[in-house]
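The values are calculated or read from the model by the stated rules, or taken from the named source; none is laboratory data. Small disclaimer: the values here were computed from a predicted structure and weren't measured. Here Cβ is always computed from backbone atoms with ideal geometry, including for glycine, and neighbour counts include all displayed protein chains.
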Amino acid sequence: NAFISGILIGLIAPLLGVFIVVRRLPLIADALSHVSLAGIAAGLYAGKQFAVLAGVSPIYFGMAFPVAGSLIIERLGTAYKHYQ
């Protein structure tokens, strides 16, 4: 499984990297990595605090938070065009 995921990441990461550099957003990857870490922490906390979420893997929170964060960053980028 680790070998297959490494191959998939090796194929997908350069494609996303080119897209990020062309759009002049190289620091968004750093921001989203921190957001995903916060998502995993929130998933762990929610699993401990709420019995309904005890069976949900924190990885799902770790995937949902960066998607929401990227949408928020894009919304802020369109609202504040002079602060790119």
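Summary of values
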| item | result |
| --- | --- |
| Residue in the stretch 43-51 that is in contact with a Leu (Cβ under 8 Å, 6 or more places away or on another chain) and touching a residue at least 24 places away in the same chain (Cβ under 8 Å) present | no |
| Of all residues in the stretch 31-76 being among the hydroxyl-bearing types (S, T, Y) and surrounded by 14 or more Cβ atoms within 10 Å (Cβ to Cβ), the one that is modelled with the lowest pLDDT | S70 |
| So A41, is it in contact with a helix residue (DSSP H, G or I) (Cβ under 7 Å, 6 or more places away or on another chain), outside any loop (DSSP other than H, G, I, E, B) and not polar (S, T, N, Q) | no |
